[in-house]
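Asks: Dropping a structure here in C-alpha cells format, bear with me for questions.
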Amino acid sequence: MYKLYFNFIHIGDQICTTAIPENIYHLTGNKCVISDKRIWAFDYNPYVVFMDEEESQHLPELNLIPDTRIREQCQNYANNYNSHIINSQTEFMCFNLLYDTKQKTPFPAIPLKHPRLYIFENEIIKPNRIIVHTTGSDRTRDNQPNIRTTLGEDDVRVMSDDVITSIKKNYQHYDIIQIGGKNDKPLGFGLNLCGQLNYWETAKLIAGSAKFIGVNSGPMHIANCYPRVEKRIVLQEFPASTLIQYKPGDLRNWLFSWLDPSYTYFNKYEDDIGYTYSHTKI
C-alpha cells in the first residue's frame, strides 16, 4: 500500500486528489493509506484505509501536488502527450505518480478522470434548481497575497455586482440557492444558506442540482465530483490580457491547471475573451 502525503489541505486541494486511490487500485491492486486526521474528503472512499501515523510510518509515500507548479512535471507531460493542455487535474497527477524514465510509453490509461466523493452520486436532479457560490477563500489566512499578480490575476475571486445582476436576469424563473461561508457576498435573491451547511450537506445539494454557477474555489471542486451537474465558472480574478494567453488546463500557468477544460467559463466583461464568454451570457 501507498501512504498519501498532502502538501495542501483546503477544500479544493483535498477533493482534486480523491480519484487517485481508485486509479492506483485499478493499476496496482493496492489501496492507499491516509493518516492525516485533517483530511475529510476521503471519508466514503472505498479505496482508502485510514491508519494512525505510527502504524503507517513504514509505508512508501505518494507526494501529492495538485497543480502544475513543478516545471519538470509539466515538461514530462508535454513531451509524452505533445500538448500543453491537460485533460484534467486527475490525469496530470496520476501521470506524474506513474512517471518513470525507464517505463515504456504509452502510459496506462486511467479509469477515472474526475474526483469522486463516493456519495450522493445517484441524487435525483432537480431541473429548476441552481446552486450559486459567490466568494472564494481568503488567501491572506495562509500568509499569501489575495491577488497573485505574478500569475496574471488583477482581482479577488468574488463575483462582481454585474455578474450577479446577469445571474438574476438570466435565471429569474429558477430556484436559486446560495451556498458558501457565512461572510460570503450575498446575492440578494434566492435562498441564502451561506454558513449553514457542512461539506457533506453542500455536496448533497450540489449533486441534486441542474447547474452550479460559481467562482474558482472549493465548491467548484465539489461540483466536479458530479459530472451530471452543469458547471458555469466565473473567472473574476483574471483581466482580459491573461484570459487571452491561457486556456483551462494550461500547463504554462498553474492557476489555469485548476480549471477543468470540460466546464464553461465566463469573464467579468461585456465581451467574449479567449476561452471565456461574457458574464451577460452566463
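The numbers here are math on the coordinates, done by the rules we state, and not lab data. Please read all numbers here as calculations on a predicted model, not as lab measurements. Every residue, glycine as well, gets a Cβ built from its backbone with ideal geometry; the counts of neighbours run over all protein chains shown.
Asks: Calculate the dipole size of the range 2-98 relative to its Cα centre from +1 charges on Lys and Arg beta carbons and -1 charges on Asp and Glu beta carbons; express the result in debye to the nearest 20.
Replies: I would put it at about 260 debye.
Asks: Starting from the Kirkwood radius over alpha-carbon pairs of the chain, derive D by Stokes-Einstein at 25 °C in a medium of 0.890 mPa s and give it in µm² s⁻¹.
Replies: 125 µm²/s
Asks: How would the range 2-98 be classified by its alpha-carbon gyration tensor: rounded, prolate or oblate, with rounded meaning a/c under 1.5 and the a/b versus b/c comparison settling the rest?
Replies: Numbers: a/c = 1.96, a/b = 1.75, b/c = 1.12.
Prolate is the answer for the range 2-98, as a/c is 1.5 or above and a/b outweighs b/c.
Asks: Another question about this same structure. Is the shape of the range 51-130 rounded, prolate or oblate, going by the alpha carbon gyration tensor and its root eigenvalues a ≥ b ≥ c, with a/c under 1.5 for rounded and a/b larger than b/c for prolate?
Replies: Oblate, since a/c reaches 1.5 and b/c is not below a/b.
Asks: I would also like to ask the following. Quick one: grab the alpha carbon gyration tensor of the range 189-231, order the square roots of its eigenvalues as a ≥ b ≥ c, and give me rounded if a/c is under 1.5, else prolate or oblate depending on whether a/b is larger than b/c.
Replies: Judged from the Cα gyration tensor, the range 189-231 comes out rounded (a/c under 1.5).
Asks: List the lysines whose Cα sits under 17 Å from the Cα of Lys113, skipping any in the same chain fewer than 8 residues away.
Replies: Excluding near neighbours in sequence, the set is Lys231.
Asks: Quick one: net charge around Ile222, please, counting Lys, Arg +1 and Asp, Glu -1 for every other residue with C-beta under 12 Å from its C-beta.
Replies: +2
Asks: Could you sort out which of Lys3/Lys185; Lys31/Lys204; Lys37/Lys182; Lys37/Lys185; Lys126/Lys168; Lys185/Lys281 sit more than 29 Å apart by Cα distance in this structure?
Replies: Lys3/Lys185; Lys37/Lys185
Asks: Gly180: net charge of surrounding residues, Cβ under 14 Å, Lys/Arg +1, Asp/Glu -1, itself excluded?
Replies: Taking every other residue near Gly180 into account, the sum is 0.
Asks: Where the only charges are on Cβ atoms (+1 Lys, Arg; -1 Asp, Glu), what is the dipole of the chain about its Cα centre, to the nearest 20 debye?
Replies: Roughly 520 debye, rounded to the nearest 20.
Asks: What is the local net charge at Tyr275, summed over the other residues whose Cβ is closer than 11 Å to its Cβ (Lys, Arg +1; Asp, Glu -1)? Could the numbers behind the result be given before it?
Replies: Values: positive: Lys247; negative: Asp250, Asp272.
Within the 11 Å Cβ shell, the charges total -1.
Asks: Using per-residue counts of other Cβ atoms within 10 Å, averaged over each peptide, order 125-137, 80-92 from highest down.
Replies: 125-137, 80-92
Asks: A follow-up question, please. Take each of the peptides 203-216, 269-282, average the number of other beta-carbon atoms within 10 Å over its residues, and list them starting from the highest.
Replies: 203-216, 269-282
Asks: Follow-up. Please state, to two decimals, what the Cα-based radius of gyration of the range 126-281 comes to when divided by 2.2 N^0.38 Å (N = residues).
Replies: Taking the Cα Rg and dividing by 2.2 N^0.38 Å, one obtains 0.98.
Asks: Separate question: Please give the contour-minus-distance gain from Thr150 to Arg71: 0.36 nm per residue of separation, less the Cα-Cα distance, rounded to one decimal in nm.
Replies: Stretched fully, the Thr150-Arg71 segment lengthens by 26.8 nm.
Asks: What distance in nm separates the simple spin-label points at Thr280 and His26, each placed 7 Å from Cα in the Cβ direction?
Replies: In this crude label model, Thr280 to His26 measures out at 4.4 nm.
Asks: If each residue of separation counts as 0.36 nm, what is the full-extension length gain between Leu191 and Glu270 once their alpha-carbon separation is subtracted?
Replies: Between Leu191 and Glu270, full extension yields an extra 25.7 nm.
Asks: A further question on this structure: Which of the peptides 142-149, 219-226 is most tightly packed, and how do the rest follow, going by the mean number of other Cβ atoms within 10 Å of each residue?
Replies: Output ranking for 142-149, 219-226: 219-226, 142-149.
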